[in-house]
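Student: Quick one: the structure is below, and I'll ask about it shortly.
The values are calculated or read from the model by the stated rules, or taken from the named source; none is laboratory data. On a predicted model such as this, the values are computed, not experimentally measured, just so you know. Here the Cβ positions follow ideal geometry from the backbone for every residue, glycine too, while neighbour counts run over all protein chains shown.
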Amino acid sequence: MASRIGAIALALLLALLVLGSAGVVAAQADRWTLGPAEWAAVRFTVWQAALSAGLSALLAVPVARALVRRRFAGRGAVILLMGAPFLLPVVVAVLGLLAVFGRNGAVNQALGLLDLAPFSPYGLLGVVLAHVFLNLPLVVRMLLAGWQAIPAERFRLAQSLGLGPRAIARHLERPMLRGVLTGAALVVFVLCLSSFAVALTLGGSPRATTVELAIYQALVFEFDLGRAAGLATVQFALCAVAVAVAGRFSMPLAFGAGLDRGGVIPGPAGARRWLDGLWITLTALFLLGPVGAVVLRGAPGLADLPASVWAAAGRSLAVAVVAAGLAVAGALVLAGSRARLIELAAMLPMAASGLVLGTGIFLVVHPLIRPEALALPVTIVVNAALALPFVYRLILPEMRSLQADYGRLQAALGMTGWAAFRLVTLPRLRRVLGFGAGVAAALSMGDLGVNALFAGENGATLPLMVQRLMGSYRTDLAAAAALLLVGLSFALFALCDRWGRHAAA
Amino acid sequence: MLRLEGVRVVQDGFAVTADWAVPAGAKVALIGPSGAGKSTLLLAVAGFVPLQAGRVLWQDRDLAPLAPAARPVSMLFQDQNLFPHLTVAQNLGLALAPDLRLSEMQKAQVTRVLDRLGLAGFGARRPGALSGGQMGRAALGRVLLQARPVLLLDEPFAALGPGLKADLLALVAEVAAAATVLMVTHDPADARRFADLSVLVADGVAAAPVATAALFADPPAALRDYLG
């Protein structure tokens, strides 16, 4: 009973936060018609998201297929690597990509040797490049899961019928790809719609501004509250529609563990072998290069980082730990309920973005209190709310099967409340709770969004600090701070995940 | 006396009715084809499935307002009778204190039951480290500690093979001698061995209990069909 009241209260709170923010920005929007600048932002947002989703999906197919049908030393490590960019702080990815693809990066040096025109990682190309870097691995992992869901018997049947690679692709792989790839592309599209950090660092010109970035510019640079509110309304509408459309497809959720089982799928010999090897090598280089560049560039400066960076790191850790705790606790409470409306409330934050929630809160609090004073609490609440749907989706199936398996035994023994949580829920779900907490902590740690709206001189988190250092061209210092940020993010994730894996039995 | 008074239970669009009583201490087999509603009836007595009509009474007391844990009933399910992450002793301890804060006396009680069931020294193991027969004994230990007057068995030993199953049923008869037992089974041999009364569940009706020997000596049409 108490848990049901908790779930209802929390669902109402989430609805208030998300729909309240949407309502506040809609009410304060000073005009309902979009000017040319706003339209340009909408067009750019949708276009870059579509390009990023399409490219990620297109490139993921050969990579995933190569990983599925080849066995080689280090294959496990490559699959693990595919899980990493999802947790990589976006500013770090951008910094690394600039080191590789920037003016003095390896790519342009090679182009220069060949007397070719240099490549500019800014604008649309740069934004899409960064989004593919961040999302390609996610799609690859979703596809791997899809491939493994094809029963091994079917591949054996295909072998005994003597089907070649083309026939296998047609009869076994394409039907799976149709479903999984659509879902995966939609996930990437939705994620890229609310892209802020990438647009802030690689876009920014009037022709390369996302709606999310335009909100920030309106609020922070122009202090035009009406315009910010109008843009936030547009952004909420965009995301809500995209999430509603995406919700009609079953979403593969494949950043979980355990992607290395199942029988060996036959790999064709000959030139395809080399082609597969090429795809895997190129992808590994594409993913490792930028991260390696950050490590190389940042390591020397790590020892003498200024106190301000350490202070920001402390703030980020606090934000990550508290937000992850809130997201996991909230997801647990909501997953305990079977009501359809509660389920809807848990997914509601997916329709919101950091800047929409941030703008809503900003508009409510700024007449009453200096926004800077609330920088950390707001960052925590917004990050917890944004991470909650991910954690909820992770926990829900486990919770349901726990209830199906042991619900009656629990009821027969009269185990309720704290005793049931301590003795059954926590130990049975520990693995997924640890993993979920790790994901939530890493996402919150790396988020550069709402914090940029609220933080003054003294409330900046580490990602914002990195972005500010990049903006003032102190690249070595930025790289050192970025290295600290990655280290802390992954350490937090690993710590939570390890705690989960130490589950008994 | 356990009385099912005009009971009607619906689960997954399938209904089963029962209107009869058995005396306290009776050993009753519920026999009939799969899907006839035997388990559903048991779940209704235990309080997991609501009644569409009628009442379930124990010693003239209506059980309707009682939650499963508050009923004078303990139940062995088909499976999932033990939490795999808790030790055997902890699993048994849950019968005495759902929060596992056991007094020394209660801990001693758990140890005594383990000894009695031939599980001495197994208390610190997890269920996964036990054989099927040992798991059955541990689950039995749990209901023994619950010490409820009515025991419901939903084919808990079906996966064990005939020899072990017979052993465990003999153990149930021994340790639950005073309890009223309703046992779901597919196997006429179980009914003959264990139950003095049998209820035939077929075509949506749980018939009134009759002496097991008499039922099998002159089986009604539905039972003849089932036995083949």
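Student: Where in segment A:381-487 are there helices (runs of 4 or more DSSP H), lying fully within it, with 2 or more residues that are more than 14 Å from every other protein chain (Cβ to nearest Cβ)? Don't jump to the end; show me each part of the working.
Tutor: Details: elements: A:417-420, A:426-446, A:450-454, A:462-471.
Helices (runs of 4 or more DSSP H) meeting the threshold: A:426-446, A:450-454, A:462-471.
Student: Moving to a separate point now. Out of A:LEU344, A:LEU368, A:LEU305, report the one residue that is at pLDDT below 95 and under 23 Å from A:ALA240 (Cα atoms).
Tutor: Details: A:LEU368 fails: under 23 Å from A:ALA240 (Cα atoms); A:LEU305 fails: under 23 Å from A:ALA240 (Cα atoms).
Testing whether each residue is at pLDDT below 95 and under 23 Å from A:ALA240 (Cα atoms) leaves just A:LEU344.
Student: What pairs can you find where one residue is in segment B:181-195 and assigned to a helix (DSSP H, G or I), the other is charged (D, E, K, R), and their Cβ atoms are less than 8 Å apart, with a gap of 6+ or different chains?
Tutor: From segment B:181-195, the pairs are B:ASP190/B:LYS165; B:PHE194/B:LYS27.
Student: Now, a different point. Restricting attention to segment A:300-339, which residues are outside any helix (DSSP H, G or I) and either under 24 Å from A:VAL391 (Cβ atoms) or in contact with a Cys (Cβ under 7 Å, 6 or more places away or on another chain) (or both)? Write out each step before concluding.
Tutor: In the first step, residues of segment A:300-339 are kept if they are outside any helix (DSSP H, G or I); the result is A:303-306, A:336-339.
Once the filter is applied, which keeps residues that are outside any helix (DSSP H, G or I) and either under 24 Å from A:VAL391 (Cβ atoms) or in contact with a Cys (Cβ under 7 Å, 6 or more places away or on another chain) (or both), segment A:300-339 yields A:GLY336, A:SER337, A:ARG338, A:ALA339.
Residue-wise test of (1) modelled with pLDDT of 90 or more; (2) within 13 Å of chain A (Cβ to nearest Cβ); (3) not in a strand (DSSP E or B).
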| residue | (1), (2), (3) |
| --- | --- |
| B:GLY54 | yes, no, no |
| B:LEU66 | yes, yes, yes |
| B:PHE83 | yes, yes, yes |
| B:ALA89 | yes, no, yes |
| B:ALA97 | yes, yes, yes |
| B:LEU100 | yes, yes, yes |
| B:LYS107 | yes, no, yes |
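Student: I need the full set of residues from segment B:196-218 which are assigned to a loop (DSSP other than H, G, I, E, B), under 18 Å from the mean Cα position of the chain (by Cα) and closer than 21 Å to B:THR17 by Cβ, in order please. Lay out the reasoning, then the answer.
Tutor: Filtering segment B:196-218 for residues assigned to a loop (DSSP other than H, G, I, E, B) gives B:196, B:203-204, B:207-209, B:218.
When the remaining residues are screened for being under 18 Å from the mean Cα position of the chain (by Cα), the result is B:196, B:209.
The answer is B:PRO209, and nothing else.
Student: So, of the residues in segment B:49-72 that are closer than 21 Å to A:ALA404 by Cβ and in contact with a Gly (Cβ under 9 Å, 6 or more places away or on another chain), which turns out to be surrounded by the fewest Cβ atoms within 10 Å (Cβ to Cβ)? Before you say what the answer is, go through the steps one by one.
Tutor: To start, the set of residues in segment B:49-72 that are closer than 21 Å to A:ALA404 by Cβ comprises B:49-50, B:67-69.
If we keep only those that are in contact with a Gly (Cβ under 9 Å, 6 or more places away or on another chain) too, we end up with B:67-69.
Details: B:ALA67: 12, B:PRO68: 20, B:ALA69: 17.
It comes out as B:ALA67.
Student: Turning to a different aspect of this structure: Under the condition of being surrounded by 15 or more Cβ atoms within 10 Å (Cβ to Cβ) and within 14 Å of chain A (Cβ to nearest Cβ), which residue from segment B:111-127 is farthest from B:GLN80 (Cα to Cα)?
Tutor: Ranking the qualifying residues of segment B:111-127, first place goes to B:ARG125.
Student: With respect to B:GLN78, is the statement that it is within 20 Å of B:LEU114 (Cα to Cα) and within 14 Å of chain A (Cβ to nearest Cβ) true? Steps first, please.
Tutor: Details: within 20 Å of B:LEU114 (Cα to Cα): no; within 14 Å of chain A (Cβ to nearest Cβ): yes.
Judged against the criteria, B:GLN78 is not a match.
Student: Criterion first (out of contact with any Phe, Trp or Tyr (no Cβ under 8 Å at 6 or more places or on another chain), crowded, with 16+ Cβ neighbours inside 10 Å, without any contact (Cβ under 8 Å) to a residue 12 or more places away in the chain and of a type in the set (Gly, Ala, Ser)) does A:ALA384 satisfy it?
Tutor: Details: out of contact with any Phe, Trp or Tyr (no Cβ under 8 Å at 6 or more places or on another chain): yes; crowded, with 16+ Cβ neighbours inside 10 Å: yes; without any contact (Cβ under 8 Å) to a residue 12 or more places away in the chain: no; of a type in the set (Gly, Ala, Ser): yes.
Judged against the criteria, A:ALA384 is not a match.
Student: Let me ask something else. So how many residues does segment A:162-195 have that are in a loop (DSSP other than H, G, I, E, B) and surrounded by fewer than 24 Cβ atoms within 10 Å (Cβ to Cβ)? Give the derivation first.
Tutor: Within segment A:162-195, the subset in a loop (DSSP other than H, G, I, E, B) is A:162-164, A:194-195.
In the following step, the residues that additionally are surrounded by fewer than 24 Cβ atoms within 10 Å (Cβ to Cβ) were identified as A:162-164.
Of the residues in that region, 3 qualify.
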